[in-house]
1. From Cα pairs below 8 angstrom and at least 6 apart in sequence, can you work out the relative contact order of region 51-92, rounded to a whole percent?
2. What does the extension gain come out to for D178 and L154, with contour length at 0.36 nm per residue minus their alpha carbon separation?
3. In the neighborhood of L251, defined by Cβ-to-Cβ distances under 15 Å, what is the net charge if each Lys or Arg adds +1 and each Asp or Glu adds -1?
4. Suppose R0 equals 35 Å. What FRET efficiency, 1/(1 + (r/R0)^6) with r the Cβ-Cβ distance, do Q62 and E226 give to the nearest 0.05?
5. For region 43-106, what does the alpha-carbon gyration tensor say about shape, rounded, prolate or oblate, given a ≥ b ≥ c as the root eigenvalues, a/c under 1.5 as rounded, and a/b over b/c as prolate?
Amino acid sequence: MTGSSLIRRGAAVAALYSVLATLVLVSGCGSSGSPRAASASASASATPSVDPFAGLQQSFTQVVKTVSPQVVQIQSNTGLGSGVVFDGHGDVVTNAHVVQGSRRFVVTLPSGDRHPATLVGADTSHDLAVVHVAGASPPAATFAASPQPQVGDLVLAIGNPLGLRSSVTQGIVSSIRDSVGEGNGVALSPAIQTSAAINPGNSGGALANLSGQVIGIPTLAAVDPEMGGAQAPGIGFAIPAATVERVAERLLGGS
């Protein structure tokens, strides 16, 4: 091999080493790992964690904001109950047993304002009544008369249990019952069974779906004879919205 050939081969090898050194410097610059690993790590860290329940929580919060102003507390000379604003004229629908024995009431709005109210009419066979609030026109609820609620639907019960105004419990529609006996010869037909807690004072309040519509009026909780007639947890009943609208309109003289 000639001297000139050796010189050319030596120059080529030197150039190759120079290129390899440059590549090593570039690939190692600023990172202890490979470029692909660094890129994947950066991408993973840039992706925010997603709360899978955020949408559901927002729905619950929006329902409470919408429906709570439509639910009032009704005080009679025998106790406390709840009512749902039926229209824009100060008419409130509630349970007949909430107003039983009284014709005049004090209605407390969610804001805390108190107003006198009088009985418009009652239908004890459906356990429904209407009272008229003087000097106030709180926002009316939207009643979901159709379609019929489905078993498994998420619901919120909003009312004034034990005098605790604007309280909320949550559950599902557990069943649609053809008939449920309420005592004193009264049977709710049909009735919505729910796992949302229904406590004393919830009667006459709102059972609302996640669209902010009232699907029923809670009226009673089941009792357990084996526990001395104590309330059975997670079993409550509500009067469907279609029945509420039909009876309330009749009591108001609409039909």
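No lab work stands behind these numbers, since they all come straight from the coordinates. The shown structure was predicted, so the numbers you read here are calculated from the model rather than taken from an experiment. Neighbour counts run over all protein chains shown; Cβ positions are idealised from the backbone, glycine included.
1. Once divided by the residue count of region 51-92, the mean separation gives 23 percent.
2. Values: separation 24, 0.36 × 24 = 8.64 nm, distance 2.05 nm.
Between D178 and L154, full extension yields 6.6 nm more.
3. Working: positive: R103, R246, R250; negative: D87, D91, D123, D127, E245, E249.
Local charge sum for L251: -3.
4. Details: r = 40 Å, r/R0 = 1.14.
For R0 = 35 Å, the calculated efficiency reads 0.30.
5. On the way: a/c = 5.84, a/b = 3.63, b/c = 1.61.
Prolate is the answer for region 43-106, as a/c is 1.5 or above and a/b outweighs b/c.
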